[in-house]
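Below is one structure, written out as structure tokens; comments come after it.
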Amino acid sequence: MEQPIVVMQRVEVKYLMTAEQTEQFLQGLKAHMQLDRYGRTSIASLYYDTPDYRLIRTSIEKPPFKEKLRLRSYGLATEESPVFLELKRKAFGIVYKRRVQTTLPLVRNFFSGNGDICAGGQINREITYFRDFYGNLAPACLIIYDREAYFEPDGDLRLTVDFAPRYRVDQLNLTTSMAGQPLLPEGHTILEVKVQQAIPLWLSGLLAKLRVYHHSFSKYGQAYQRQLAQGGLRLGKEGF
């Protein structure tokens, strides 16, 4: 079966917004960008890690190069519905993402060490090498949020606003529910600007007017640090 393969390279900048800032920002956005055809979508991302949490510990240290592997679904997944395995790397501020469409049975087979995740090629080799290099990868944390994605007509600017970001470290699967513990105060959102060139002046002006400033924020990193503080870290062994 052929599966869609996506390769992305771009700059991604994150901001945190209060409920009031979010409302005003979305109003100011209307003259420049359009909401994509999916509207607000619930997204679940299952992050994989080693038994000693090597990947997220490295990421928190903010090295010049870091990488992560996650399995994503849009809404609750079923055995037959598409899910997306993503290898995401960040090097010197540039994000590189490799993404393949697959299904839960194929993912289980892949992480058991059997077979490829997609039909050969460079992306398959990169994801397979990642799996084999780190070894013993297992579901570690489930991140969930409700996303609105906006695009600039006739431009390369993309941005997303994530509402109610939440997480859980039990029931580590994409099929049970979209429930989780909140990562931010009620009403706060995460804005992520994704661009291949410079951020346009109108957007910089809008952010400055609303006093919305760049804020490094990793959802998985925040969840990991919270669980570490609570003494509740345990690599997930549940199925997905």
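For segment 5-230, the residue among Val107, Trp202, Leu26 whose Cα projects farthest onto the positive side of the dipole built from Cβ charges is Trp202.
Dipole of segment 5-230 computed with +1 at Lys/Arg Cβ and -1 at Asp/Glu Cβ about the Cα centre; of Tyr53, Gly121, Thr175, farthest Cα towards the positive end is Tyr53. Using a Gaussian network model of the chain in which every pair of alpha carbons under 10 angstrom is joined by a spring, one finds that among Arg37, Arg168, Arg57 the greatest mean-square fluctuation is at Arg37.
Compute the label zone of Gln196 within segment 12-54: residues whose backbone N is under 18 Å from the point 7 Å along Cα-to-Cβ. Taking a point 7 Å out along Cα→Cβ of Gln196, the residues of segment 12-54 whose backbone N falls under 18 Å are 12-13. Figure legend: label point modelled 7 angstrom from the Cα of Ser81 along Cα→Cβ; residues of segment 16-52 with amide N under 13 Å from it are 41-45.
Tell me what the chain gives for mean residue ellipticity at 222 nm when only DSSP H runs of n ≥ 4 count, each as -39,500 (n - 2.57), the sum divided by the residue total, rounded to 500 deg cm²/dmol.
Result for the chain, helices only: -7500 deg cm²/dmol.
Using +1 on the beta carbon of Lys and Arg, -1 on that of Asp and Glu, and nothing else charged, what's the dipole of the chain about the Cα centre, debye to 20?
Working: 32 positive and 25 negative charges, 114 e Å.
In total the dipole reaches around 540 debye.
Between 0 and 90 degrees, the angle of helix 219-230 with respect to the longest Cα principal axis of the chain falls at about 70 degrees. Across segment 1-135, the fraction of Cα-Cα pairs farther apart than 18 Å, rounded to a whole number, is 64%.
Scaling against 2.2 N^0.38 Å puts the C-alpha radius of gyration of segment 5-230 at 1.02.
Given R₀ = 41 Å, what would the calculated FRET efficiency be for Ala31 paired with Asn114, taking r from the Cβ atoms and rounding to 0.05? Efficiency, rounded to the nearest 0.05: 0.20.
Exposure proxy shown here: for Ser45, Ser204, Ser73, Ser112, the number of other Cβ atoms within 10 Å sets the order, fewest to most, as Ser112, Ser204, Ser45, Ser73. In sequence order, segment 144-149 has phi-based couplings of 9, 7, 10, 10, 10, 10 Hz under the Karplus curve 6.51 cos²θ - 1.76 cosθ + 1.60, θ = phi - 60°, and Gly or Pro positions carry x. From largest to smallest, the equivalent ellipsoid semi-axes obtained for segment 192-232 from the alpha-carbon gyration tensor read 32, 13, 5 Å.
Cβ-to-Cβ counts within 10 Å put Met178, Met17 in ascending order as Met178, Met17, the fewest first. The phi-based Karplus calculation (6.51 cos²θ - 1.76 cosθ + 1.60; θ = phi - 60°) puts the 3J(HN,Hα) values of segment 75-88 at x, 5, 8, 10, 5, 9, 6, x, 10, 10, 8, 10, 9, 10 Hz, whole numbers, x for Gly and Pro. Helix 121-134 sits at what angle to the longest principal axis of the chain, using alpha carbons and giving 0 to 90 degrees rounded to 10? Roughly 70 degrees between the two axes.
The modelled label-to-label distance between Glu152 and Ala229, using points 7 Å beyond Cα along the C-beta direction, is 3.6 nm. Potential lengthening of the chain between Thr175 and Gln24 amounts to 50.9 nm, from the contour at 0.36 nm per residue minus the alpha-carbon distance.
Read the figures in this text as sums done on the coordinates, not as results from a lab. On a predicted model such as this, the values are computed, not experimentally measured, just so you know. Virtual Cβ from ideal backbone geometry, glycine too; neighbours counted across all protein chains shown.
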